[in-house]
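Below: the structure, in structure tokens.
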Amino acid sequence: MASDSVVQVRFGAPGNVLEVQVGTVEVDVPRSVGYFGGLAVAVAIGLIEPPLALFIAAVPVFKSLTNTALPKAVRVVGEVLEGAAKPVGSDAEGVIELKDQQRESGTKVVNVAPKPTRRRRAPKASVSG
């Protein structure tokens, strides 16, 4: 089911409590908060250094670069980066994904439409004669 909406919010999707889709990018909100929040806490309490946290935070981007809709050259780079991320757990399920089409399910979908713009009418020209 295609939609003209740029942003969709899904409640109760299969396997996900809350997802937000912006175009072809889909974000699993609770897992993303846990993933990135956990990294922030680990850096804050000194468990890992900030450069390592940045690399780990970039793993979802590396995984999205392997999407079959992208050009082969980009996918090769994505696979190399994903391979480099294997030691830090890149085999895990992604929290941010590129989707080619919307899944059909019993999920409640809320379309967030952009605000309509008001068109100004041109004043009527008076003809004197």
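The values are calculated or read from the model by the stated rules, or taken from the named source; none is laboratory data. Everything quoted here is computed from the prediction, not taken from an experiment. With ideal geometry, Cβ positions are generated from the backbone for all residues, glycine too; neighbour counts draw on all protein chains shown.
Quick notes on this one:
- Residue-level check: of (1) assigned to a strand (DSSP E or B); (2) at pLDDT 75 or above; (3) not aromatic (Phe, Trp, Tyr), Asn111 misses just (2).
- For Ile48: the one exception among (1) assigned to a loop (DSSP other than H, G, I, E, B); (2) loosely packed, with under 12 Cβ neighbours inside 10 Å; (3) modelled with pLDDT of 85 or more: (2)
- Residue check, Val43 in contact with a Pro (Cβ under 9 Å, 6 or more places away or on another chain), closer than 23 Å to Val27 by Cβ and hydrophobic (A, V, I, L, M, F, W, C): yes
- Residue ID - farthest from Pro87 (Cα to Cα), chosen from residues in region 56-73 that are within 18 Å of the chain's Cα centre (by Cα) and outside any loop (DSSP other than H, G, I, E, B): Ser64
- Long-range neighbours under 8 Å by Cβ, at least six apart or interchain, first residue more than 17 Å from Val61 (Cα to Cα) within region 21-44, second crowded, with 16+ Cβ neighbours inside 10 Å and not β-branched (Val, Ile, Thr): Pro30/Asn16; Pro30/Leu18; Ala40/Ala53; Ala42/Ala53; Val43/Ala53
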